[in-house]
Amino acid sequence: MLRLLRHLWPLPATVLGLLFALLARATGGTWQRVDGVLETAGGWPAHILRRDLPFSGAVAAITVGHVVLGVSANALMATRTHERAHVRQFERWGVLMLALYPCASILAWAKGGHPYRDNLFEREARAAEHSAARRAIEVC
């Protein structure tokens, strides 16, 4: 039941992500399902991600619900831990993430910080990356 709710709560955002995924596929991109998340690489969305986006500049990947759009398969693999943190954020906040994320960027900027690097959601995703890296080192 909890798994179902984690997918239903962000469903409107996931539908938006699916539209971008379809666009990627129709324009030469590829897609695959990894751990219950649709990952798409290339196509027109990748072209947009490589441009200067508001607040962040170019990015390797972006998450919309349970869909991750990446510039390439390598970028998806390299950013998987980071982007899965964003998937969990969508599971927690649902469609509200579509408004909360830009609000967090504006708040960071209003406090004198960088709208991307100091965004609460980005800091949380980077912390997940660092935690995973520490665990990987400890296993070795």
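Please treat every number below as a calculation from the coordinates, not as lab data. Predicted model, so just to flag it, every value in this text is computed and none were measured. Cβ: placed from backbone, ideal geometry, glycine included. Neighbour counts: every protein chain shown.
Measuring from a point 7 Å past the Cα of Thr81 along Cα-to-C-beta, which residues in the range 96-140 have an amide N at less than 13 Å?
Inside the label zone: 125-140.
Give the calculated FRET efficiency between Val139 and Ala73 to the nearest 0.05, with a Förster radius of 22 Å applied to their Cβ-Cβ distance. Working shown, then result.
Working: r = 25 Å, r/R0 = 1.13.
The calculated FRET efficiency here is 0.30.
How much FRET efficiency would the formula 1/(1 + (r/R0)^6) give for Leu5 and Ala132, where r is the Cβ-Cβ distance and R0 is 22 Å, rounded to 0.05?
0.30
Given the rule -39500 (n - 2.57) for each run of at least 4 DSSP H residues, summed and divided by the residues of the chain, what is its mean residue ellipticity at 222 nm, to the nearest 500 deg cm²/dmol? All intermediate terms of the calculation are to be shown ahead of the outcome.
Values: 6 runs with 85 residues, N = 140.
My calculation for the chain gives -19500 deg cm²/dmol from helical runs alone.
Sequence gap at least 6, Cα distance under 8 Å: using those rules, report the relative contact order of the range 2-139 to the nearest whole percent. Don't skip to the answer; put the middle values down first.
Working: 218 pairs, mean separation 29.6, N = 138.
Worked out over the range 2-139, it gives 21 percent.
With a point put 7 Å past each Cα toward its Cβ, work out how far Leu120 is from Ala26 in nm, to one decimal.
Each label point lies 7 Å from its Cα, and together they span 3.6 nm.
Using 0.36 nm times the number of residues separating Val34 and Ser56, minus their current alpha carbon distance, what extension gain do you get?
5.4 nm
Could you tally the net charge around Ser105, taking each other residue with its Cβ under 9 Å from the Cβ of Ser105, Lys/Arg +1 and Asp/Glu -1?
Local net charge: -2.
Just checking my list (1) 63, 15, 12; (2) 21, 19, 18; (3) 24, 17, 14 against semi-axes √(5λ) of the Cα gyration tensor in Å computed from this structure; which label fits?
Comparing each candidate, only (2) matches the computed number.
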